[in-house]
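*Asks:* Quick one: structure below, then a few questions.
The values are calculated or read from the model by the stated rules, or taken from the named source; none is laboratory data. Computed from a predicted model, the values in this text were never measured in an experiment. Here the Cβ positions follow ideal geometry from the backbone for every residue, glycine too, while neighbour counts run over all protein chains shown. For the accessible areas, the whole protein counts, side chains as well, though only heavy atoms, and no ligand, DNA or RNA atoms are used. Shrake-Rupley method; radii C 1.70, N 1.55, O 1.52, S 1.80 Å.
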Amino acid sequence: MVLNRSGMWQEEVTVPSVQTFLIPEAMTFEEAAALLVNYITAYMVLFDFGNLQPGHSVLVHMAAGGVGMAAVQLCRTVENVTVFGTASASKH
């Protein structure tokens, strides 16, 4: 897995080795991609930009999507957070 700020939509990239991580054997390529795309996006929105703290409430639009599900799961790591989520009728 590669963690880089930009330029990751190319077929090939060159990055420093400190920005690479081995994919665990039990993890698929798709899961590895989801980890970096969905969870890091959700983490940044919740904690870096949103300053999520115990007792806060969070509205997650598209809670049934990749980033939305990651956001809901990350909210569970903070005590006493209330999560409200939206989803399309087909994902209820």
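*Asks:* Spelling out what I want: for every residue of segment 34-40, take phi, set θ = phi - 60°, compute 6.51 cos²θ - 1.76 cosθ + 1.60 (Karplus), and round to whole Hz; glycine and proline get x.
*Replies:* 5, 4, 6, 6, 6, 6, 5
*Asks:* Okay, next question. Compute the length gained on full extension between M1 and M44: take 0.36 nm times their separation in residues and subtract their Cα-Cα distance, giving the result in nm to one decimal.
*Replies:* Full extension from M1 to M44 adds 13.7 nm.
*Asks:* Using θ = phi - 60° and the Karplus curve 6.51 cos²θ - 1.76 cosθ + 1.60, what whole-Hz ³J(HN,Hα) does each residue of segment 51-58 get, with Gly and Pro shown as x?
*Replies:* 6, 4, 10, x, x, 6, 10, 10
*Asks:* Compute, for the chain, the length of the dipole vector about the Cα centre, with Cβ point charges of +1 (Lys, Arg) and -1 (Asp, Glu) only. Units Debye, rounded to 20.
*Replies:* 340
*Asks:* Filter the GluC sites (Glu not before Pro) in segment 7-87 down to the DSSP loop ones having no more than 12 other Cβ atoms within 10 Å, then list what survives.
*Replies:* E11, E12, E25, E79
*Asks:* What is the distance, in nm, between label points placed 7 Å from the Cα along the Cα-to-Cβ direction at Q10 and at A87?
*Replies:* Output for this residue pair reads 3.8 nm.
*Asks:* Just to make sure I understand: if all protein chains stay in place, what is the order of L46, L36 by accessible area at 1.4 Å, largest first?
*Replies:* Result of the area sort, largest leading: L36, L46.
*Asks:* Just read off the accessible area of M69 with the full protein assembly in place, 1.4 Å probe, to the nearest 10 Å².
*Replies:* 100
*Asks:* Calculate one ³J(HN,Hα) per residue across segment 62-76 by plugging θ = phi - 60° into the Karplus curve 6.51 cos²θ - 1.76 cosθ + 1.60, and present them in order as whole Hz with x for glycine and proline.
*Replies:* Calculated HN-Hα couplings, in order: 6, 5, 8, x, x, 5, x, 5, 5, 5, 4, 5, 5, 4, 5 Hz.
*Asks:* Given F29, Y43, P16, which one lies farthest toward the positive end of the charge dipole of the chain, if we put +1 on the Cβ of every Lys and Arg and -1 on the Cβ of every Asp and Glu?
*Replies:* Of F29, Y43, P16, it is Y43.
*Asks:* Which one is right for this structure if volume of the Cα convex hull per residue in Å³ is calculated from it: (i) 140; (ii) 86; (iii) 104?
*Replies:* Step by step, volume of the Cα convex hull per residue in Å³ for this structure corresponds to label (i).
*Asks:* Could you give the length gained on full extension between E31 and N80, defined as 0.36 nm per residue of separation minus the Cα-Cα distance, in nm?
*Replies:* Gain on stretching E31 to N80: 14.8 nm.
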